[in-house]
Structures are given as C-alpha cells and as structure tokens.
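The values are calculated or read from the model by the stated rules, or taken from the named source; none is laboratory data. Quick caveat, the model's predicted, so the values are computed rather than measured. Glycine gets a Cβ as well: all are built from the backbone with ideal geometry, and neighbour counts include every protein chain shown. To get the accessible areas, we keep the full protein, side chains included, count just its heavy atoms, and leave off ligands, DNA and RNA. Shrake-Rupley method; radii C 1.70, N 1.55, O 1.52, S 1.80 Å.
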Amino acid sequence: MSRSRICFLFGTLTLFLFVSSAFADDVVVLTEENFEKEVGQGRGALVEFYAPWCGHCKKLAPEYEKLGASFKKGKSVLISKVDCDEHKSVCSKYGVSGYPTIQWFPKGSLEPKKYEGARTAEALAEFVNNEAGTKVKIAAIPSSVVVLTPDNFDQIVLDEKKDVLVEFYAPWCGHCKSLAPIYEKVATVFKLEEDVVIANVDADQYKDIAEKYGVSGYPTLKFFPKNNKAGEDYDGGRDLDEFVTFINEKSGTSRDAKGQLTSKAGILESLDSIVKEFLSATNEEKKTVFKQLEEEADKLTGSNARYGKIYVKAAKSCLDKGSDYAKNEVLRLERILAKSISATKGDEFTLKKNILSTFVSDQ
C-alpha cells in the first residue's frame, strides 16, 4: 500500500473546517460583502481563492499563514483569502476555476495578476516584494511544540509529572501538513502550563518509536497522561477548540482557545469548602480555620501546590486587612487585566483574581 494511501486511510478524520479556522488573524478573511472594501484600495492585496475540501489548499495553509504573519506589520500589503464554496460570485468574477488560485491585486486596482510560482512562504514573499516594492522577509516563528527524538522521548513522554500529547507524523503526509498549524496553536495555548506538554515525533525517521506504540498511519495522536504512560489513542476532533477541551478535561487545566485562563482556573474544590468555613467563622475562629487551610494546601502537588499557596496568601491577607480586602483586590486586579499585559502576568493576575473571588462573602 502506498504512503499516500496509508495517509488517507488513517487520516479520515480530516479537517474540513481547517481553512476557515486555522488561519491566523494575520490573514484577512474576504467575503462577498467586504471584498471590494479591502481589495483594490490603498494597498496591494494577495488573495488566495480556496475551497475547504481542497487538499492542495490545506498543504498551502501553513505557508500562507507564515506569509500573513510576516506581512502583518506592513500596512502597504494585504494578505487575504476567500472561501469559494461560500462566496461563489466573487471567485467566478475573477475567473477562478481551480484551487488554490492565488492572485495579486495592485494598489487601487481590481485587475489581478495570477501567481504562478512555488507555494512556499519564501517564494510568495519574493513575489509580493517585487510587486509591492516591499522588503519583507519571512519571519521565523518560534515553535511551542516539543520535538521528540530517541534521545529525549522517554525522558519527556514517560515523565509521570507531565501529561503529554504526542503527534506521530511523516514529513510527506498531507494530513500531517494540514494539522501542523492547528497543532502549533494547541501548543501555544498550553505553553505556560508546567504539567502539560504538546509534542511531535517524526515517525518516518524514527520507525522504532512508531512501531513500539503501534503507529502505522499518519498523523496518529496519542495521549500519555501522568497515570498511564502506556499511552491512549486520541480519537477526538482535530480543530483547536476540540483539542483544548480534551486537554482541559484530561489535565484539569482551564484555558480557552486564545490561551487565556478561564474563570475556573486555580479553583480547588478541596480548599473551597474550607474557605466557606473561613468566611462564616468569627474573627477568633478564623485563625483555627486558617491553620487548617495551610495544612491542606501543604498536601497539594504539581500546579495545585501553586494554587494552594495563593489560597493561603489570600486568607492571610483577609485576616490582616479585614473583610473588604478580597472584594477590593478583585476589583483592582480586574482593572489591571483590562490593560495590555504579558501572558505570564495575565496568568498570575487571573489566578489571584479567581481565588480571591472565593473569599468575597457576598458571592
């Protein structure tokens, strides 16, 4: 059986929604309503006319996304795409009959020039630079996916302190190429989670690893939770939201598809019951309950140990500063979070806000 046939058979859960969901915000989505508002105006525009079911479009996607990211800061060029299944009239107007079709629209013109070059980010960038007079280079996008080899596979995947999602892929596999930008986003979502690893391994190069885990088609995804290092098949959906939901449920994390912590992040049921007792206690009784909270927090491990320390610090501040402390501090943190801050600081302040909210007596 040919490699391409194997890839097809084992990749049947394909990404029909891939093109609509996997492109970064750097690639502008065009429709029948906004096409002429965006194209033919004050800047040149590169437009990809695609169909969601098109295999060649899926292969192009990661390269086109890199192109969009590289031209993001430049205001003189628009990198865009239009779904020809959904917006047939636009595609018909510009003579599109196959996918992907890539056309260049000069500044102020709706008369396109067809792109006939290689479908790589570098080749596309060279074309756009020549047409627009720009000098943009393809940005090197740092990856959050951990690359596995025989030298580090066991150390990372079999670490009983980590939940690890592994993609077994082959460089020649079209479905693997289609999955790549989505998988990168999954890794980005969870990059600040100490107990979660999103990784991949070239199973075509390291066949012994693939055989050990029963991998015969690509991409194959396996989840190695802390308590089962034999690995479990991942049979879920392959869009970003489905991956995020899976990791949250399996690892106890609380991330949204943008990588931000949700309002549930850091909340521990085992400590919440003690917090309720703390809130209803007299000032003298609060000291006893506080010691109980400290003792329970000391028993926690992993990420929960970090959350436990925040609970203890919040309780101590409530003891020292009075009953209004938690409410006022939550409001202060909300004001900070409304500003533009780093992802690390965002996590820190969100965790504090969430846990402090449990100490607000009117909630």
query: Any idea which of (1) open to solvent by 30 Å² or more (accessible area, probe 1.4 Å); (2) touching a residue at least 60 places away in the same chain (Cβ under 8 Å); (3) among the aliphatic types (A, V, I, L, M); (4) in a strand (DSSP E or B) is the one ILE141 doesn't satisfy?
result: (4)
query: Somewhere in region 310-327, is a residue out of contact with any Ser or Thr (no Cβ under 7 Å at 6 or more places or on another chain), of a type in the set (Ser, Thr, Tyr) and either over 20 Å from ASP256 (Cα atoms) or not in a helix (DSSP H, G or I) (or both)?
result: yes
- prompt: Within the group VAL146, VAL157, which residue is at pLDDT 95 or above, within 21 Å of the chain's Cα centre (by Cα) and open to solvent by 20 Å² or more (accessible area, probe 1.4 Å)?
  reply: VAL146
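From LEU331, LEU337, which residue is hydrophobic (A, V, I, L, M, F, W, C) and touching a helix residue (DSSP H, G or I) at 6+ places or on another chain (Cβ under 7 Å)?
Values: LEU331 fails: touching a helix residue (DSSP H, G or I) at 6+ places or on another chain (Cβ under 7 Å).
None of the other options fit; the residue is LEU337.
Being within 19 Å of GLU193 (Cα to Cα), open to solvent by 30 Å² or more (accessible area, probe 1.4 Å) and hydroxyl-bearing (Ser, Thr, Tyr) is the filter here, so list the residues in region 271-306 that pass it.
Hit for region 271-306 is THR301, nothing else.
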- prompt: Within region 95-126, which residues are under 28 Å from TYR183 (Cβ atoms) and touching a residue at least 12 places away in the same chain (Cβ under 8 Å)?
  reply: TYR99, PRO100, THR101, ILE102, TYR115, ARG119, THR120, ALA121, GLU122, LEU124, ALA125
task: Considering only residues that are within 32 Å of the chain's Cα centre (by Cα) and of a type in the set (D, E, K, R), look in region 307-330 and name the one that is most open to solvent (accessible area, probe 1.4 Å).
output: LYS309
query: Which one of these does ILE355 not meet: (1) within 28 Å of ALA257 (Cβ to Cβ); (2) open to solvent by 90 Å² or more (accessible area, probe 1.4 Å)?
result: (2)
Criterion violated by ASN152 - all others in (1) open to solvent by less than 40 Å² (accessible area, probe 1.4 Å); (2) touching a residue at least 40 places away in the same chain (Cβ under 8 Å) satisfied: (2)
message: Cβ-Cβ under 7 Å, sequence separation 6+ or interchain: first residue in region 228-248 and surrounded by 15 or more Cβ atoms within 10 Å (Cβ to Cβ), partner small (Gly, Ala, Ser) and in a helix (DSSP H, G or I). Which pairs?
response: ASP239/SER21; LEU240/SER21
- line: Note on region 331-352: residues hydroxyl-bearing (Ser, Thr, Tyr) and open to solvent by less than 30 Å² (accessible area, probe 1.4 Å) are THR350
field: Scope region 336-352; condition among the hydrophobic types (A, V, I, L, M, F, W, C), within 12 Å of GLN260 (Cβ to Cβ) and in a helix (DSSP H, G or I); matching residues
entry: LEU337, ALA343, PHE349, LEU351
